[in-house]
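The values are calculated or read from the model by the stated rules, or taken from the named source; none is laboratory data. Owing to the predicted nature of the structure, the values given are computational and were not obtained by experimental measurement. As a convention, Cβ positions derive from the backbone with ideal geometry for all residues, glycine included, and neighbour counts pool all protein chains shown. To get the accessible areas, we keep the full protein, side chains included, count just its heavy atoms, and leave off ligands, DNA and RNA. Shrake-Rupley method; radii C 1.70, N 1.55, O 1.52, S 1.80 Å.
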Amino acid sequence: DDQQAQATAQAHDSIDEAEGHLDEVLDVLGDDANQSPRDVCRMMAHFQMFKIYRLRDDRAAQIDALELCMTVVAETDRSDDVAAYYRTECAKYLHRLNQLDDGEDN
């Protein structure tokens with residue numbers, strides 16, 4: 001039990017560290033539209049934040065991160081496979097989260 005608790009604490013520390021790093025990356029990248037290399041990094045960072053919030057089972061934060069990623073996809077001047085990948089993945093996960101919310105309302 002002690003080893004399990006220690007491993008869980010280490011995993012949470014790693015998640016916290018990753019979240020802090022991604023927050024710093026997003027701060028550096030800023031919100032300027034039409035900067036293709038930065039847009040890719042912003043999409044990736046928001047999507048990774050979604051994955052962190054998924055580990056924490058924080059649905060509201062997951063939706064926020066996915067919506068931010070979708071905003072970058074919508075604003076970018078990129079029309080390549082990278083933008084298409086994030087558009088598809090974000091839409092898929094947003095749909096799943098919305099289905100969960102709808103299921104709880106019924």
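For the reader, a short list of remarks on this structure follows.
- Carbon + sulfur, % of accessible area of the range 54-106 - ligands and nucleic acids excluded, 1.4 Å: 47 percent
- Here is the P(r) of the chain: all C-alpha pair distances, binned every 10 Å from 0, give 15, 39, 29, 14, 3, 0 in whole percents.
- Computed label-point distance, nm, for sites Ser79 and Lys51 using a 7 Å Cα→Cβ extension: 2.9 nm
- Dividing the summed -39500 (n - 2.57) terms of all DSSP H runs of n ≥ 4 by the residue count of the chain sets its mean residue ellipticity at 222 nm at -29500 deg cm²/dmol.
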